[in-house]
Amino acid sequence: MIKLSSLIVGGLAAGLTLGAQAGTLDDVKKRGTLSCGVSTGLAGFSQKDEKGKWSGLDVDVCRAVAAAVLGDANKVQYKPLTAKERFTALQSGEIDVLSRNTTWTHTRDTSLGLNFAGVVYYDGTGFMVSKKLGVKSAKELDGANACIQAGTSTELAISDYFRENKIKYKPVTFDTSDQTRAGFESGRCDFLTSDQSQLYALRIGLKDPKGAIVLPEVISKEPLGPVVRQGDDQWFNIVKWSLSAMIEGEEQGVTSSNVADKLANGKPGNKRLLGGEGELGKNLGLNPDWAYQVIKQVGNYSESFERNVGSGSPLKISRGLNALWKDGGILYSPAMR
Amino acid sequence: MLKQKTTEQIKAATRKTESGSHAFYNNPKYRAAIYQALLIFGLAYFFFTIISNTFDNLEAAGIKSGFGFLSNAAGYDVLMSLIDFSSTDTYLRVFIVGFLNTILVSILGIFFATVLGFIFGVMYFSTNWIVKKISVIYVETFRNIPLLLQILFWYSAVLATLPGPRDSLSLGEAVFLNVRGLFIPKLVGEGGSILVYLALAAAIVGIFVLRSWAKKRQDATGQQFPVFNTSVAMVIGLPFLAALVTGFPFVIDYPALQGFGFRGGITVIPELMALTIALSVYTGAFIAEAVRAGIQAVPHGQTEAARSIGLREGKIMSLIIVPQAMRVIVPLLNSEYQSLVKNSTLAAAIAYPDLFNVFVGTALNQTGQAIETIFMAIVVYFAVNMFISFIMNRFNSNVELVGR
Ligand SMILES: N[C@@H](CCC(=O)N[C@@H](CS)C(=O)NCC(=O)O)C(=O)O
């Protein structure tokens, strides 16, 4: 009888282990799709259109990983997550990678059992106010109500800022960005605060986008990037280098349209990146054409940026910090060799 | 003769088995104890394995665990707090802030739900067709619409459409209602105000004394005393008298438009209003049903008997029917109140900073310590509901039929 019960207990206990530690690559290959955590809907970063097709800068990271691993950028299953849900979804193994405008912070990197695989967009916390308010600087916001999304690094940044400047505010924290925007529109709050890129995205969703302005202040560092579970170094490398392939593609001038030509006739660096020479793909446990597929199907960083948040999009965000290091920004890929 | 023999045979047989069962494990008493010990051991082992397994896994996955985070600074602010709170306070304090906000909305909800429930429950028995219909419509509507929808309705469709601070609806320039909430004047007591509070306390104690005195007198002499009217007079009169003597030691702090909104007075945030209204109206519909069931459970003969001794209709309800109906109603109330407390966790949908929202939501997310925060929340909701159960059971034994 004891034996039986210990068998049952052991079985149950084994069933209660957290998500698998290693072998994400094998899991994804076996499943045939990549499970990618994105936002519930944020213009330019991860957004679903009427046909159910996802697009955005964060979505392109999911697509890049799928292209590198499965050879097909469309083999992605998107899981929309609120700020509160995202880390648990990754820890429990529900998603393979989290690409949801998530700030790389020390605490998250070191205590959640997660690893940040790079930076897709360098951002910072900003403020959006109604034009009618006549406010020109965030310092004038003493006593105001703030609409914020719960479970974000914004909650912490804003608290620091008001304390430093010895002014007061009341946070009204909502679960989703839709609620946050609705709170701002109804006048429940005087200002909405979030990463600045998201302010532009939320603004175009307002009934009267011209009635709101984004204040000049940027009060924190919010480097946004994809996240994976700790303890699976191979998978960590794959996500890190899939993103780097997009950035390196821009550095080398490889685009989705000239990629075949660069593979055939390009410089040695082009050939190494695209799998014509060397063993970069093999070292990752992927096909030699991993980066070729990324750039062919998703595009290089510049293509993705302009299409989703830059000149080719309604957001019209300029490259700023997110330009290449050669062009006055801080975007930089480790050496592709 | 034959019979006797049989009995003896049986006795012998019994003796035989008894001698065979001398081994202690055949003694039913010991046997039960052994099984129980085994079960307890098995359960302890089961939970030990689960817990140690969980902690091993957390460590292997690089996830922090333990309750140490409770003494760290939270670093974020909370919309509403019944005690002082700033972002430099600890997660433990966030926990307390959230807990108090949960208790606040639960108490308000339970109070208004009970009032609504009893009003609409009794209305069902009205001889007036319209009054009865209103009761039926209320119950059928609000009981059948999901609570979350009702909360969002009050918050987004009603309160969010109120005008901004500058165009507030106002009542005598003292009470203001706008999209930021309800702003009411606050009575701030000065020096002698303590006397007024004491007078109020004395009046409340007095009511209880008066009630038991009047009951004793009625039992002895049959004479009635206007307890209700006297009580009201005492509660209003005594503090008023004290205020008169001390020269009205109060100032009224009126809310006033300043900067981005109103300052001063008491602010009731729209999140609290929406949640309280939705919880009260929803639970009130269930309580109305419980009240109806309770009243219907009282045999009609009781009403007729009461009429035959000449009681007025109103007295029949309050003296004969409702006290007997309470035997059915109270156990149902118990479960409705417990549901209300659990349902208050829907606060997160509208930014009301209850325990679930500020602790299981934000604190969990900032620290990543899901198991610890959820465990603490479970303990709290469990304890609150045990407390409600305890109170209601005490109350129940008061209204129960006294066996003779
Ligand atoms: N960078 C922030 C995230 C900020 C965040 O979640 N922003 C909101 C903007 S209001 C958002 O993207 N919401 C989209 C959603 O909930 O789906 C963090 O990592 O904590």
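Just so you know, all these numbers are worked out from the coordinates, no wet-lab data involved. In this text the structure is predicted, and so the values were computed from the model without any measurement. Backbone-built Cβ (ideal geometry, glycine too); neighbour counts: all protein chains shown.
Look at the dipole of the protein assembly as shown built from charges on Cβ: of A:T180, B:V341, B:A202, the Cα furthest out on the positive end belongs to B:A202. Of B:M234, B:T267, B:F248, which is farthest towards the positive pole of region B:208-296's charge dipole, taken about the Cα centre with +1 and -1 on the beta-carbons of Lys, Arg and Asp, Glu respectively? Result: B:M234. List the residues of region A:232-246 whose backbone N lies under 18 Å from a point placed 7 Å from the Cα of A:K29 along the Cα-to-Cβ direction. Label zone hits: A:232-242.
Just rank A:Y301, B:Y381, fewest to most, by other beta-carbon atoms within 10 angstrom. Intermediate results must be reported in sequence, preceding the final value.
On the way: A:Y301 28, B:Y381 17.
With the sparsest Cβ surroundings first, the list reads B:Y381, A:Y301.
Bridge orientation summary for the protein assembly as shown: considering DSSP beta bridges with both residues in this region, about 70 percent are antiparallel.
Over all directions, how big on average is the projection of the convex hull of the alpha-carbon atoms in region B:186-253, in square nanometres?
If you wrap the Cα atoms of region B:186-253 in a convex hull and average its projections, you get 4.9 nm².
Long hydrophobic helices in chain B: the complete DSSP H runs spanning 18 Å or more by Cα along their own axis with mean Kyte-Doolittle hydropathy of at least -1.0 are B:28-60, B:91-123, B:129-144, B:193-221, B:227-246, B:270-296, B:322-343, B:370-399.
Fully extending the segment from B:T141 to B:V232, taken as 0.36 nm per residue of separation minus the present Cα-Cα distance, adds 29.2 nm. Modelled spin labels at B:V245 and A:D160, positioned 7 Å past Cα toward Cβ, are 5.8 nm from each other. Computed about its Cα centre, the charge dipole of region A:125-220 is approximately 360 debye, with only Lys, Arg, Asp and Glu carrying charge at their Cβ.
Of the trypsin sites (Lys or Arg not before Pro) in region A:99-158, which ones lie in a loop per DSSP and count no more than 14 other C-beta atoms within 10 Å? Let's see the in-between values first.
Working: sites: A:R100, A:R108, A:K131, A:K132, A:K136, A:K139; in loops: A:R100, A:K136.
Hits after loop and neighbour filter: A:K136.
The count of lysine pairs in region A:125-220 whose Cα atoms are under 12 Å apart, excluding pairs fewer than 8 places apart on the same chain, comes to 4.
Compactness of region A:74-205 is given as radius of gyration and Dmax, 15.9, 50 Å, from Cα positions. Structural size metrics of chain B, computed from C-alpha coordinates, are Rg and Dmax of 30.2, 110 Å.
Footprinting exposure proxy ranking of A:C36, A:C189, A:C62, fewest other C-beta atoms within 10 angstrom first, gives A:C36, A:C189, A:C62. For chain B, lysine pairs separated by 8 or more sequence positions, or belonging to different chains, with Cα-Cα distances below 30 Å total 10.
Reported to two decimal places, what Rg/Rh ratio describes region B:36-129 when computed on Cα atoms with Rh from the Kirkwood expression?
1.28
Between region A:69-141 and region A:207-261, the alpha-carbon centres lie 11 Å apart. Note on the protein assembly as shown: dipole from Cβ charges, positive end direction compared against B:I391, B:T90, B:I151; the farthest Cα belongs to B:I391. Among B:Y352, B:Y282, B:Y30, the largest mean-square fluctuation in a Gaussian network model of chain B (Cα springs under 10 Å) belongs to B:Y30. Along its first, second and third principal axes, ordered by size, chain A spans 73, 59, 39 Å in Cα coordinates. Sorted largest first, the spans of the alpha carbon positions of region B:290-404 along the three principal axes are 69, 34, 16 Å. Listed as lacking a disulfide-compatible partner in chain A: no cysteine, by the criterion of no other cysteine Cβ under 4.7 Å.
A simple charge model with +1 on the Cβ of Lys and Arg, -1 on the Cβ of Asp and Glu and nothing else charged puts the dipole of chain A at about 340 debye relative to its Cα centre. log10 I(q)/I(0), Debye, Cα-only the protein assembly as shown, no solvent, q = 0.07, 0.10 Å⁻¹? The Cα Debye sum returns log10 ratios of -0.70, -1.12. About its Cα centre, the dipole of the protein assembly as shown is roughly 2360 debye, where the only charges are +1 on Lys and Arg Cβ and -1 on Asp and Glu Cβ.
Residue order for B:F248, B:F85, B:F176, fewest other beta carbons within 10 angstrom first, comes to B:F248, B:F85, B:F176. Site pair B:I374 and B:N72 shows an inter-label distance of 2.0 nm when each label is modelled 7 Å from Cα along Cα→Cβ.
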